[in-house]
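Chemist: Below: one structure in structure tokens.
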Amino acid sequence: MQDFFNKKEGLSKTIHEKYFSQNKRFLILEQAYNKWSEKEANPGVEAFFNHLEFLNLIGMSTNLGQPYGKISAARLHRYLVWYISAFIRNSIAYKRNPPKYYDKFAENIKENQKSTSIISFNYDQVLESKIADNGGRINYSIIEPPVWGSRFLNERGSQFLKLHGSLNWIWCPKCGKISITNYPVAQYYSRQRCSYKCNGMKEPLIVPPNLSKSLYLNPLGKIWSAAYRRLIGADKIIIIGYSLPEIDTAARALLTEGIRNAKRFEVILPDKKSLVSIEKRLGRSSDNQSPMDFRTYAQRFL
């Protein structure tokens, strides 16, 4: 996961100046992040997410001093989920159209949808939207609790298993109901009442890549189970662009077990160092030893 608090250069700088520079929620969150990171040897958004979840679990608050005073960890956690959602959505909107090689990948999925599943750790909808736009069928594999209104729930489509949740998923922690929309608008539904029958509050369903994923596995448990079944039954597994951060122990356990029986296993990463690192963490060498990015892979092999 990128460092969402880096505002010094490039697209990140542009997005912050355009959307967040005067936003009170972001300013509170940024001050909390800066205060926390001063004492951390390796600060980053994943570790910060983990820190807030622990404070939330034990009911702690953070004193930010003037002008914001004491802020509860639960409130900061909501702000962080909102910020990550809004940052990704605005970044995608600013760049407008995905690169052309996404179309090649989408066409390949469409042609092989009966035999292909996608397991994703991304929050955005770029890839599944491209597949749907190209006439492919997508199935998020969320059957229960009930969902509403999405083109990504076609039972005959390729399984698209989003293990960290999605920008267009909303859930109620009280009753467990998951709502799915066609657009990345989850942050706008945050803190709304679930329904007249349930007094719970809706929240974006986004799981951070950290150590305490068990707090979230209630709504996502069936998707993780489906991913495991697909992995252990697969003849060929390809990991594209995912470096498997050390903090994400749940993903490491899933992939380590899941790739054992595959006849072919490939890792597509842009540099040799990252490729070797993920091989060590998973305990298996990639059948592909040539570093390459997603663009090169799509253009050469799809």
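All of the numbers you see were taken from the coordinates with simple rules; none came from a lab. Owing to the predicted nature of the structure, the values given are computational and were not obtained by experimental measurement. As a convention, Cβ positions derive from the backbone with ideal geometry for all residues, glycine included, and neighbour counts pool all protein chains shown.
Chemist: Among 162-171, 59-68, 122-131, 220-229, how do they line up from the highest to the lowest mean number of other beta-carbon atoms within 10 Å?
Modeler: Working: 162-171: 25.2, 59-68: 11.8, 122-131: 21.1, 220-229: 17.6.
The peptides rank, most packed first, as 162-171, 122-131, 220-229, 59-68.
Chemist: Another question, if that's okay. Among A86, A41, A253, which one shows the biggest mean-square fluctuation in a GNM of the chain, springs joining Cα atoms closer than 10 Å?
Modeler: The residue with the greatest mean-square fluctuation here is A41.
Chemist: Another question about this same structure. What is the dipole size for the chain, taken about its Cα centre, with +1 at each Lys and Arg Cβ and -1 at each Asp and Glu Cβ, in debye to the nearest 20? Please report the intermediate quantities before stating the final value.
Modeler: Values: 45 positive and 26 negative charges, 114 e Å.
So the magnitude is around 540 debye.
Chemist: For the charge dipole of the chain, defined by +1 on Lys and Arg C-beta atoms and -1 on Asp and Glu C-beta atoms about the Cα centroid, which residue among I237, P291, A132 has the Cα displaced farthest towards the positive pole?
Modeler: Among I237, P291, A132, the one farthest towards the positive end of the dipole of the chain is A132.
Chemist: R0 = 35 Å: FRET efficiency of R229 with T249, Cβ-based, nearest 0.05? Mind dumping the intermediate values first?
Modeler: On the way: r = 20 Å, r/R0 = 0.58.
Once rounded, the FRET efficiency stands at 0.95.
Chemist: Once phi is turned into ³J(HN,Hα) by the Karplus curve 6.51 cos²θ - 1.76 cosθ + 1.60 with θ = phi - 60°, what whole-Hz value does each residue of the stretch 122-139 show in order, with x for glycine and proline?
Modeler: Whole-Hz 3J(HN,Hα) from phi for the stretch 122-139: 8, 8, 6, 10, 4, 5, 5, 5, 4, 4, 5, 5, 8, x, x, 10, 10, 10.
Chemist: Where nothing but the Cβ of Lys and Arg (+1) and of Asp and Glu (-1) is charged, how large is the charge dipole of the stretch 10-95 around its Cα centre, in debye to the nearest 20? It would help to have the intermediate numbers written out before the result.
Modeler: Numbers: 11 positive and 6 negative charges, 70 e Å.
Using only the charged Cβ atoms, the result is roughly 340 debye.
Chemist: Net charge within 10 Å of V267 by Cβ-Cβ distance, Lys/Arg positive one each and Asp/Glu negative one each, not counting V267 itself? Don't skip to the end; give the middle numbers.
Modeler: Values: positive: R284; negative: E266, E279, D287.
Charge balance near V267 sits at -2.
Chemist: Relative to the first principal axis of the alpha-carbon coordinates of the chain, what is the inclination of helix 217-232, with its axis defined by its Cα atoms, in degrees from 0 to 90 and to the nearest 10?
Modeler: Approximately 20 degrees, to the nearest ten.
Chemist: What does the convex hull of the alpha-carbon atoms of the stretch 226-302 project to on average, in nm²?
Modeler: Values: hull surface 19.9 nm².
One quarter of the hull surface, i.e. the mean projection, equals 5.0 nm².
Chemist: Evaluate E = 1/(1 + (r/R0)^6) for T296 and K273, where r is the Cβ-Cβ distance and R0 equals 22 Å; express this FRET efficiency to the nearest 0.05.
Modeler: 0.80
Chemist: Please work out whether the stretch 244-284 counts as rounded, prolate or oblate from its C-alpha gyration tensor, where a ≥ b ≥ c are the square roots of the eigenvalues and a/c under 1.5 means rounded, while otherwise a/b larger than b/c means prolate and anything else oblate?
Modeler: The shape class here is oblate.
Chemist: A follow-up question, please. Compute the convex hull volume of the Cα atoms of the chain, divide it by the residue count, and report the result per residue in Å³ as a whole number. Walk me through the intermediate numbers first.
Modeler: Numbers: hull volume 43.4 nm³, N = 302.
Here the figure is 144 Å³ per residue.
Chemist: Which value in deg cm²/dmol, rounded to the nearest 500, describes the helix-derived mean residue ellipticity at 222 nm for the chain, given -39,500 (n - 2.57) per DSSP H run of n ≥ 4 and division by the residue count?
Modeler: Working: 11 runs with 124 residues, N = 302.
Value at 222 nm, helices only: -12500 deg cm²/dmol.
Chemist: Moving on. In whole angstrom, and with the biggest value first, how far do the Cα coordinates of the stretch 10-95 range along each principal axis?
Modeler: Principal extents (Cα only, largest first): 40, 26, 22 Å.
Chemist: If the limit is 28 Å between Cα atoms, which of K95/K174; K110/K272; K104/K280; K13/K236; K95/K162; K222/K273 go over it?
Modeler: Values: K95/K174 37 Å; K110/K272 31 Å; K104/K280 31 Å; K13/K236 40 Å; K95/K162 23 Å; K222/K273 34 Å.
Checking Cα-Cα distances, K95/K174; K110/K272; K104/K280; K13/K236; K222/K273 exceed 28 Å.
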